[in-house]
Every structure is written in structure tokens, then in C-alpha cells.
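A.B. asks: Structure in C-alpha cells, see below.
The values are calculated or read from the model by the stated rules, or taken from the named source; none is laboratory data. All values reported here derive from a predicted model rather than from experimental measurement. Reconstructed Cβ throughout: ideal geometry from the backbone, glycine too, with neighbour counts over all protein chains shown. Calculation scope for accessible area: heavy atoms of the full protein, side chains included, ligands and nucleic acids excluded. Shrake-Rupley method; radii C 1.70, N 1.55, O 1.52, S 1.80 Å.
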Amino acid sequence: MYIAVMGCGVVGSGVVELIEKNGAQIAEKAGTDFVDVKYILDLRDFPDRPYGHKVVHDVNTIIDDPEVEIVVETMGGLTVAYNFVSKCLQAGKSVVTSNKELVAARGYDLLQLAKENSVSFLFEASVCGGIPAIHPLADCLGANQITEVAGILNGTTNFILTKMIRENMSFATALKMAQELGYAEADPTADVEGLDACRKICILASLAYGTHVSPVEVHTEGITKITLEDVEYAEDHGCVIKLLGRAKLVEDDKIFIMVSPALVNKTSPLSSVDDVFNALFVRGDAVGDVMFYGRGAGKFPTASAVVADVMDCIRLGKNTKIGYTWGPHADCRIADYKQTETCLYVRGFAKDKQAALVALREGFGHIETLSRKDAPENEIAFITPLMPEGDLREVLLNTKNFAEASVIRVTDY
């Protein structure tokens with residue numbers, strides 16, 4: 001079985017090297033005579049690498065070759081990737097991708113295109129890298145109504161927050177370390193502003209709830225405003241701060257979906273997921289709570305998931321498709337997060353602390369105040385009662401003599 005790889009960066013080169021190393025056992029397990037990479041599409045040449053002779057620069061070389069039945073897309077990005085993947089599917093070739101941006105934005109269109117051409121479009125590696133997530137959610141838990149999906153879906157931000165929590169390191173210092181170690185890009189915006197996690201939770205929500213969920217619909221916050229003061233107050237509440245992607249089925253068959261920092265209780269398994277590790281929590285009506293844990297990124301963990309999808313394509317054979325699917329975008333399916341009940345952690349300052357506390361208690365009815373060592377005399381930190389978020393925000397806005405500095409949601413798991 002000949003395949004082609006589009007994009008020879010970190011993941012793409014990992015796929016090529018994994019197939020070259022373990023090709024015989026991959027072929028045997030997939031039920032074919034051989035698995036070989038015939039072409040590697042890239043703008044660059046790789047003359048010093050053993051697979052340099054396989055590099056091509058024109059996607060039509062792949063599209064027009066009938067021997068290539070499966071194409072792996074690891075280029076990243078949206079516009080060019082969508083164009084190339086569409087052409088491959090239309091040419092009757094199954095496509096495997098690790099491109100979360102592509103699947104989150106155009107997954108429904110590409111799944112329809114695959115269906116029309118009786119081929120597969122698979123994307124296990126697009127959410128949790130080497131951690132199985134898509135297949136278990138779609139198939140192994142297929143008998144369940146998935147009521148909630150939540151997780152630590154970005155290793156870079158989890159590494160940064162771990163350093164802040166465990167080593168009292170500032171956000172800026174931890175980010176610099178992540179960049180030096182290769183965990184964060186020179187431009188870390190997609191990670192630290194929550195965009196990467198947003199794309200991943202959109203894919204999971206689309207799969208779990210049968211409707212295409214676009215990243216533009218999702219309220220998304222990153223970790224750039226998290227301070228060491230917040231870390232200390234979270235500790236006083238028995239919590240740690242994590243960046244979570246969350247999707248939940250709520251009233252009227254609507255989907256609550258959000259990416260934001262959250263206080264996670266130390267009794268939760270999610271609280272102990274540290275460094276670059278990821279974890280996905282799934283709640284089903286039959287199975288209860290299930291959690292998947294491991295390295296969510298990296299060259300070979302992600303390549304492992306990509307090659308597993310290639311093996312599934314081989315097992316199915318041509319003119320057969322895998323049944324991952326969801327419906328088109330549905331207007332008004334996404335719930336207004338401001339109408340969803342939550343508790344908030346709030347840190348702020350007041351000129352008259354006692355007067356501000358009286359006003360806050362009057363506004364909320366009850367608050368749980370927090371403490372930390374060497375806090376300024378005029379600093380106040382507290383946990384609100386459970387209320388619709390919009391109501392909580394309204395109280396904060398109308399509380400005189402109190403200026404908020406941090407507001408973070410508190411989870412119930």
C-alpha cells in the first residue's frame with residue numbers, strides 16, 4: 001500500500017520515520033503486503049535525509065497517481081490544506097490529518113466530501129496527539145449519550161501553569177522556558193490565548209453532539225492574565241488553576257461550550273495532570289466518568305495516532321468509509337454562557353475594605369473570602385455563590401468601591 005505525506009515538519013517527518021522503522025509490522029497488523037511512503041509533498045528539499053528522494057513540490061503528482069490510495073496531511077493551516085485535502089478526497093483517496101484548525105473549521109464539509117467519494121477522512125491526531133480520543137468517543141462510547149466533555153487540551157499552557165503552581169514562577173518566565181524547551185512557538189498566541197484548545201473542544205463537541213461547532217462561536221480566554229497571586233488564592237481554596245476546554249449538553253438540547261482558565265479542586269484527577277501532559281474527561285449516561293491521559297503532542301506520539309488512522313484506512317479497503325460524522329451548523333444551538341450557572345473566583349482591590357466586603361455580601365448574598373501570605377491590606381479575594389454568570393458579572397459591575405483584578409471560573413469536578 002502506497003501512501004503520500006503532505007508536509008514534512010515535526011509530525012510529517014515523524015510519520016515517515018515511523019513507517020520506515022516499523023513498516024513491516026504496520027503492514028502485517030493492517031492486513032496488507034507492505035506500507036510505503038511514495039511521495040512527500042513539501043516546499044523544501046531534504047537532500048541530507050534518507051527520504052529526500054521522495055520529495056515532490058506539486059500536489060498533482062500525488063492526486064494523479066492511482067497507486068497512492070491514502071494521503072496524510074500534516075501541513076497545518078487552513079486554506080491550502082483544505083484545497084489539497086478536498087482534491088485528494090475527490091480523487092478517491094482517503095485522507096488522514098493531524099490538522100486541528102482544518103477539522104474544527106471545515107470538518108463537516110470534508111466528511112461530506114469523503115462520504116460522496118466513498119473514502120475515509122480520519123483525524124484522531126487532531127485533538128490529543130497520541131492519546132486516543134476520537135475513536136473512543138465515537139465508537140467505544142457510542143452507546144452513550146455524552147453529557148459532558150472537558151479536558152486539559154494544550155500541553156504548552158499546562159506546562160506554564162505547572163511551573164507557576166509548583167515553582168512559584170511568573171507567567172513570563174515560564175513562557176520563556178517553554179519556548180527554550182521547544183514546547184511553545186516563537187509566537188505563542190495560539191496556545192496562551194486558548195485558540196488551540198478551542199479548536200480541539202470544537203471537534204470533540206461536534207462529534208459528541210452531532211452538530212458542527214465552529215471556533216468563532218466559542219467564548220475563549222487564555223492564561224495571559226493569570227498571576228501568582230491567583231495561584232496562591234486557588235491553593236487556599238484547595239484548588240489549582242488549569243486551562244480547560246469544556247462542552248456540555250444543557251437544557252433544550254443546547255451546547256454549553258467554552259475555553260477558559262478554571263479553578264479545579266485538588267480532589268479531581270484533572271488537578272494532578274502536570275507539565276506537557278493532557279487529559280480528557282468524558283461523562284456518559286451509561287458508562288459514567290472516563291478519563292484519557294498522556295502526552296498530547298510531540299513528534300512520535302502524534303505520528304503514532306496518524307499511522308493508526310492509516311492502518312484503519314487500509315483495513316477498510318477502497319470504496320469503504322469510516323463512519324465519523326456530524327451534521328451541519330445549527331443556528332442557536334450554542335448556549336449563552338452568561339446564562340449558565342457557575343461560581344467565580346474574584347480578586348480585586350478596595351479603598352475601604354470593610355465597606356467593600358459589606359457591599360459584596362449584600363450583592364451576592366454570601367461570599368467565601370480567601371487569604372494568602374503577605375497580601376496587601378486593600379486586596380480582597382473571594383468565591384461567589386452559584387448563579388448565572390451574567391448575574392454574577394452584574395453584581396461585580398454594580399459594587400461600588402471595589403475594582404476587580406482577576407475573575408476565574410470555578411469548576412465542579
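A.B. asks: For the list (1) open to solvent by less than 50 Å² (accessible area, probe 1.4 Å); (2) modelled with pLDDT of 95 or more, I need the number of the one condition that Leu141 fails.
C.D. replies: (2)
A.B. asks: Kindly indicate which of Glu368, Glu394, Glu362, Glu389 is closer than 23 Å to Glu235 by Cβ and either exposed (fewer than 13 other Cβ atoms within 10 Å of the Cβ) or at pLDDT 95 or above (or both).
C.D. replies: Glu368
A.B. asks: Only one of (1) within 24 Å of Gly12 (Cα to Cα); (2) open to solvent by 80 Å² or more (accessible area, probe 1.4 Å); (3) in contact with a strand residue (DSSP E or B) (Cβ under 9 Å, 6 or more places away or on another chain); (4) of a type outside the set (S, T, N, Q) is not met by Asp309, so which one is it?
C.D. replies: Failing condition for Asp309: (2).
A.B. asks: Out of (1) over 25 Å from Ala104 (Cβ atoms); (2) out of contact with any helix residue (DSSP H, G or I) (no Cβ under 6 Å at 6 or more places or on another chain), the odd one out for Val68 is which?
C.D. replies: (2)
A.B. asks: Another one. Please name all residue pairs, on different chains or six or more residues apart, with Cβ atoms under 6 Å, provided the first residue is in segment 40-59 and is more than 16 Å from Ile3 (Cα to Cα) and the second residue is crowded, with 16+ Cβ neighbours inside 10 Å.
C.D. replies: If the second residue must be crowded, with 16+ Cβ neighbours inside 10 Å, the pairs left are Asp45/Val55; Phe46/Val55.
A.B. asks: What residue, among those in segment 96-123 that are under 22 Å from the mean Cα position of the chain (by Cα) and among the aliphatic types (A, V, I, L, M), is nearest to Met6 (Cα to Cα)?
C.D. replies: Val96
A.B. asks: Also, quick follow-up: Go through segment 90-108 and give me each residue that's of a type outside the set (A, V, I, L, M, F, W, C), in a helix (DSSP H, G or I) and open to solvent by less than 10 Å² (accessible area, probe 1.4 Å).
C.D. replies: Hit for segment 90-108 is Gly107, nothing else.
A.B. asks: Cβ-Cβ below 9 Å, separation at least six or inter-chain, first residue in segment 304-316 and acidic (Asp, Glu), second assigned to a helix (DSSP H, G or I): which pairs?
C.D. replies: Matching pairs, first to second residue: Asp309/Ala125; Asp309/Ile134; Asp309/His135; Asp312/Ala30; Asp312/His135.
A.B. asks: Within segment 264-272, is there a residue that is among the small types (Gly, Ala, Ser), open to solvent by 60 Å² or more (accessible area, probe 1.4 Å) and outside any helix (DSSP H, G or I)?
C.D. replies: Among the residues of segment 264-272, not one is among the small types (Gly, Ala, Ser), open to solvent by 60 Å² or more (accessible area, probe 1.4 Å) and outside any helix (DSSP H, G or I), which makes the answer no.
A.B. asks: Something else about it: Name the strands (runs of 3 or more DSSP E) wholly within segment 1-89 that hold at least 3 residues that are more than 17 Å from Val103 (Cβ to Cβ) and open to solvent by 10 Å² or more (accessible area, probe 1.4 Å)? Even if it seems obvious, please write down each step before you answer.
C.D. replies: Numbers: elements: 2-6, 36-41, 68-73.
Strands (runs of 3 or more DSSP E) meeting the threshold: 36-41.
A.B. asks: I would also like to ask the following. Can you pull out every residue in segment 275-305 that is surrounded by 18 or more Cβ atoms within 10 Å (Cβ to Cβ) and among the acidic types (Asp, Glu)?
C.D. replies: Hits for segment 275-305: nothing passes.
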